[in-house]
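Values quoted throughout were computed directly from the atomic coordinates according to the rules given, and no laboratory measurement underlies them. Bear in mind that the values here come from a model prediction, so they are computed numbers and not experimental data. Don't worry about glycine lacking a Cβ; one is built from the backbone with ideal geometry, like all the others, and counts go over all protein chains shown.
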Amino acid sequence: MDVFTLAIWIGTLIFLGISLAKDKVKTKQVLKMALGMGKGMAPSILSIIFAIGLILTLLPPAEIAAFVSNQSVLLATVVGALFGTITLVPAFIAFPLVATLVKAGVGVVPSVAFLTTLTMVGVVTFPLEKKAFGVKFTAVRNGLSFLFAIAIALVMGVII
Amino acid sequence: MTIIKKIRENLFLVIVALIYIIMFIAKPAMGIEALKSSGYYIKEMLMIMPVIFILTALLDMWVPKEKIMRYLGKEANAKGVVLSFVVGSISAGPVYAAFPMCVMLHKKGASIRNIVIILSSWAVIKIPMLLNEAKFLGPKFMAIRWVLTVIAIIIFSWITAKIIKDEELPGEVMAQAGLHINRDACMGCTLCARNYPEVFEMENKKALVKSYDALDPDRLENAIKSCPVKAISYNNSMNM
């Protein structure tokens, strides 16, 4: 558990304690509400998690990286961005992977495109985001994030 | 009938389960591999989701609507933008952890623009992630990407707010307590407003829940049942 997760836990527990001291009935409602939210989201979250497991097995990040490093910059950028869009990879896998990409001479542009879409755009999380915010919002947010991820990658290629 | 409905509601889950079944038949080793790599994400989820749900419910209960509106609403301007970046950056967990929190904030008056900023910064510019990035790719790489990302988020959150209107966000699925109408499903038949005019009314050819003090369970049930597209839902877990 990193410091931030821990801090959120501690902060929330303190908040919960204050809430309990102030109003028992309301605090009970809070916990019921939290449980309701959990139940509501559990099937979607589990399907996202198992879908990520599937994607990582079918398209191992290391193999994608190996493939990308043999392509032209343009193709590598597109493949990198698309792969980043499909999946969600934890930071401790993503950063070393991108570091090897950069060192292997793939270039900054595809690597950044991959990194940014990886976290900001989500095909696997689309169904859940759609449930929470509606199709239009989800499509616009993910679409714009994708375009701007490419833009960030291009600008970084010029600067570095 | 209900089975088909259940499958349709959880279509994604059904598809994922099917692929796993096919995989286990065709390539059992690969199936086990996939389950194993899911394990990490399950741990990640269990570490953060319970606390996010509790925190969201706590904020929902104790922070008044006016406060959220003042700090994250349309009129909050630069202050709201900065605050949204701070909220997103000090967060933890995967981006979907931000969904219930953002739905709650929007319901309480946060603007679409600030919701997009929180979601996006939650996804890309978390502080633990930045430290990791600096370690592997160098502080210069990290700093430049951070600045560009912040600029990009400011621009596209503004664009998103121009395209999407507040009413277009449903946000009813996150198990909110009370009476809800799925306005995407409602086809404006006016049945509910005629059956129970004290609670339902029509607005722009769609049904709307009026503010109500007490509910008559029989009449409510009647209205819910009569809706041809089953767009009315009632969650009474809060009303004790």
Using Cα-Cα distances under 8 Å and only pairs 6 or more residues apart, what relative contact order does the stretch A:59-159 have, in percent? 32
Tilt of helix B:217-226 relative to the longest C-alpha principal axis of chain B, in degrees (0 to 90, nearest 10)? 80
Once R0 is set to 22 Å, what does the formula 1/(1 + (r/R0)^6) return for the Cβ-Cβ distance between residue A:75 and residue B:162, expressed as a FRET efficiency to the nearest 0.05? 0.10
Farthest positive-ward along the protein assembly as shown dipole, Cα basis, beta-carbon charges - from A:86, A:100, B:89: B:89
Neighbour counts of other C-beta atoms within 10 Å: give me B:189, B:102, B:227 arranged from fewest to most. B:189, B:227, B:102
For chain B, the longest site-free run once trypsin sites (Lys or Arg not before Pro) in DSSP loop states with at most 16 other Cβ atoms within 10 Å are removed: B:1-164
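As a footprinting exposure proxy, order B:7, B:232 by other Cβ within 10 Å, with the fewest listed first. Don't skip to the answer; put the middle values down first.
On the way: B:7 11, B:232 24.
Result, fewest neighbours first: B:7, B:232.
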Tell me the relative contact order for chain B as a rounded percent, counting alpha carbon contacts under 8 Å between residues six or more apart. 13
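Of A:131/B:140; B:6/B:107; A:22/B:65, which pairs sit farther than 30 Å apart, going by alpha carbon to alpha carbon?
A:131/B:140
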Excluding residue B:155 itself, calculate the net charge of residues whose Cβ lies under 14 Å from the Cβ of residue B:155, where each Lys or Arg counts +1 and each Asp or Glu counts -1. +3
In peptide B:185-196, what is the residue-averaged number of other protein chain Cβ atoms found within 10 Å of each Cβ? 0
For peptide B:137-144, the mean count of other chain Cβ atoms within 10 Å per residue Cβ is 4
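Can you sort A:111, B:111, B:233 by how many other beta carbons sit within 10 Å, fewest first? Don't jump to the answer; show the numbers that get you there.
On the way: A:111 28, B:111 23, B:233 16.
So the residues, fewest neighbours to most, are B:233, B:111, A:111.
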In sequence order, what are the phi-derived ³J(HN,Hα) couplings for the stretch B:81-94 according to the Karplus relation 6.51 cos²θ - 1.76 cosθ + 1.60 with θ = phi - 60°, rounded to whole Hz, with x for glycine and proline? 4, 4, 4, 4, 4, 5, 4, x, 6, 8, 6, 9, x, x
Once Lys and Arg get +1 and Asp and Glu get -1 on their Cβ, which of B:34, A:134, B:72 lies farthest toward the positive end of the dipole of the protein assembly as shown? B:72
Stretch residue B:127-residue B:9 to full length: gain in nm at 0.36 nm per residue minus the Cα-Cα span? 38.9 nm
So how far, in whole Å, is the C-alpha centre of the stretch A:101-129 from the one of the stretch B:106-167? 15
The stretch A:134-149 to the stretch B:17-42: how many Å between their Cα centroids? 30
For chain B, what class follows from the C-alpha gyration tensor (a ≥ b ≥ c being the square roots of its eigenvalues): rounded when a/c is under 1.5, otherwise prolate if a/b is larger than b/c, else oblate? oblate
Suppose every K and R has +1 on its Cβ and every D and E has -1 on its Cβ; what is the size of the dipole of the protein assembly as shown about the Cα centre, in Debye to the nearest 20? 220
Hey, rough spin-label estimate for residue A:62 and residue B:65, points 7 angstrom out along Cα→Cβ, what's it come to in nanometres? 5.5
Work out the length of the dipole vector of the stretch B:49-105 about its Cα centre, built from +1 on the beta-carbon of each Lys and Arg and -1 on the beta-carbon of each Asp and Glu, and round it to the nearest 20 debye. 140
Per residue of the stretch B:146-156, in order, report the coupling 6.51 cos²θ - 1.76 cosθ + 1.60 (Karplus, θ = phi - 60°) as ³J(HN,Hα) in whole Hz, putting x for Gly and Pro. 5, 4, 4, 5, 4, 4, 4, 5, 4, 5, 6
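I'd like the mean, over residues of A:4-12, of how many other protein chain beta carbons sit within 10 Å of each residue's own Cβ.
6
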Out of A:51, B:59, B:142, whose Cα points farthest toward the positive end of the dipole of the protein assembly as shown (charges: +1 Lys, Arg; -1 Asp, Glu; placed on Cβ)? B:59
Tell me, what is the percent relative contact order of the stretch B:178-235, built from C-alpha pairs under 8 Å that lie six or more residues apart? 46
